[in-house]
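Here the structure comes first, spelled out in structure tokens, and everything after it is commentary.
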Amino acid sequence: MEGVRLGSLCSCALFPYILGTRFISRMVWERDPGRKYGYTHLSAGELLRDERKNPDSQYGELIEKYIKDGKIVPVEITISLLRREMDQTMAANAQKNKFLIDGFPRNQDNLQGWNKTMDGKADVSFVLFFDCNNEICIERCLERGKSSGRSDDNRESLEKRIQTYLQSTKPIIDLYEEMGKVKKIDASKSVDEVFDEVVKIFDKEG
């Protein structure tokens, strides 16, 4: 997850990214650890799934195909959805200019698109990297799939997503690690333990 602060889209934003093998329990984020520090949590995946369900969306079918195939949705679509949510949040309350961006950027194209669109408008403060064994990730998602109704909660799609992560997302994490911005968390632990580690990071980073 990445943390960003936005004053307006004409001024600077600060945010952390949330990245890693994207299968940590949603219970961590349902507790909203960033709220105490004024962050608004934005999940790129949730925004894409909501857009996919929108009957008036021009991107719905395209998003469905990419998600089902375990592929990364074109950057222009994801950034437009993130920016729309940021705009709406700040329009409602100008003080809400800090965002946790969950599950983005997922590849070099994402990163380049974000830098091109948001250069001078948003600053990355740190990256939360949830590191977890692949098989644990798959088992968690298969369990979630019993009630989620998500088309990608099956072993074939999950294994494709892991390969996409290794090929495309891990190099982005490595890049931020070289910049000294990665905060690594062992996501194989229990929800309570992971949550406590996240809180410690926010206590330090603010």
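The values are calculated or read from the model by the stated rules, or taken from the named source; none is laboratory data. Here the structure is a predicted model, which is why all the values come from computation and not from measurement. Note: ideal-geometry Cβ built from the backbone for every residue, glycine included; neighbour counts use all protein chains shown. Remember, those area values only see protein heavy atoms, side chains included, never the ligands or the DNA or RNA. Shrake-Rupley method; radii C 1.70, N 1.55, O 1.52, S 1.80 Å.
Going by amide H atoms built from the backbone, whose H comes under 5 Å of the H on Lys98, apart from near neighbours?
Under 5 Å from the amide H of Lys98 lie the amide H atoms of Leu6, Thr40, each far enough along the sequence or on another chain.
If you average the C-alpha positions of the range 106-127 and of the range 132-206 separately, how far apart do those two centres end up, in angstrom?
If you average the Cα positions of each part, the centres end up 20 Å apart.
Give the residue from Tyr66, Thr40, Asn107 lying farthest towards the positive end of the charge dipole for the range 39-114; charges sit on Cβ (+1 for Lys and Arg, -1 for Asp and Glu) and the dipole is referred to the Cα centre.
Sorting the options by dipole projection puts first Thr40.
Under 1.5 on a/c is rounded, so check that first for the range 26-192, then, if it is not, pick prolate when a/b is larger than b/c and oblate when it is not; a ≥ b ≥ c are the square roots of the alpha carbon gyration tensor eigenvalues.
On the way: a/c = 1.36, a/b = 1.15, b/c = 1.18.
Rounded is the answer for the range 26-192, as its axis ratio a/c remains below 1.5.
Apply the Karplus parameterisation 6.51 cos²θ - 1.76 cosθ + 1.60, with θ equal to phi minus 60°, to every residue of the range 134-139 and state each ³J(HN,Hα) to the nearest whole Hz, in sequence, with x for glycine and proline.
Per-residue couplings from phi come out as 4, 5, 4, 4, 4, 4 Hz.
Please enumerate, by chain and number, the aspartates and glutamates with C-alpha under 17 Å from the C-alpha of Lys184, excluding those fewer than 8 residues away in the same chain.
Glu2, Asp102, Asp131, Asp174, Asp192, Glu193, Asp196, Glu197, Asp203, Glu205
Go through Lys36, Lys98, Lys71 and list them by solvent-accessible area, largest first, probe radius 1.4 Å.
Of Lys36, Lys98, Lys71, the descending order of accessible area is Lys36, Lys71, Lys98.
Mind giving me the nanometre distance, one decimal, between the label points for Lys184 and Asp131, set 7 Å out from Cα along Cα→Cβ?
0.2 nm
According to the square roots a ≥ b ≥ c of the eigenvalues of the Cα gyration tensor, what is the shape class of the range 135-200, taking rounded for a/c under 1.5, prolate for a/b larger than b/c otherwise, and oblate for the remainder?
It comes out oblate by the Cα gyration axes.
Order Tyr165, Tyr37, most accessible first, counting only protein heavy atoms with a 1.4 angstrom probe. Kindly include the intermediate steps, with their values, before the conclusion.
Details: Tyr165 25, Tyr37 45 Å².
Greatest to least solvent exposure: Tyr37, Tyr165.
Heavy atoms only, 1.4 Å probe, whole protein assembly: order Leu166, Leu128 by accessible area, highest first.
Leu166, Leu128
Using θ = phi - 60° and the Karplus form 6.51 cos²θ - 1.76 cosθ + 1.60, what ³J(HN,Hα) does each residue of the range 105-122 get, whole Hz, x for Gly and Pro?
Each residue of the range 105-122 in turn: x, 9, 7, 5, 4, 4, 5, 5, x, 5, 4, 5, 7, 10, 4, x, 10, 8 Hz.
Which residues' amide hydrogens lie under 5 Å from the amide hydrogen of Ser43, considering only partners 5 or more residues apart or on another chain, with H built in the peptide plane?
Placed amide hydrogens put Asp102 under 5 Å from Ser43.
How far apart, in nm, are two points set 7 Å out from the Cα along the Cα-to-Cβ line at Gln88 and at Arg155?
Between Gln88 and Arg155, the simple spin-label model gives 3.9 nm.
Quick check on my link table: of Lys71/Lys183; Lys71/Lys181; Lys98/Lys146; Lys98/Lys204; Lys121/Lys170, which ones sit more than 23 Å apart, alpha carbon to alpha carbon?
Among Lys71/Lys183; Lys71/Lys181; Lys98/Lys146; Lys98/Lys204; Lys121/Lys170, the Cα-Cα distance tops 23 Å for Lys71/Lys183; Lys71/Lys181; Lys98/Lys146; Lys121/Lys170.
What residues have an amide H closer than 5 Å to that of Val124, excluding those fewer than 5 places away on the same chain, when H is modeled at 1.01 Å from N in the peptide plane?
Amide H to amide H, under 5 Å and 5 or more residues apart or across chains, Val124 pairs with Phe15.
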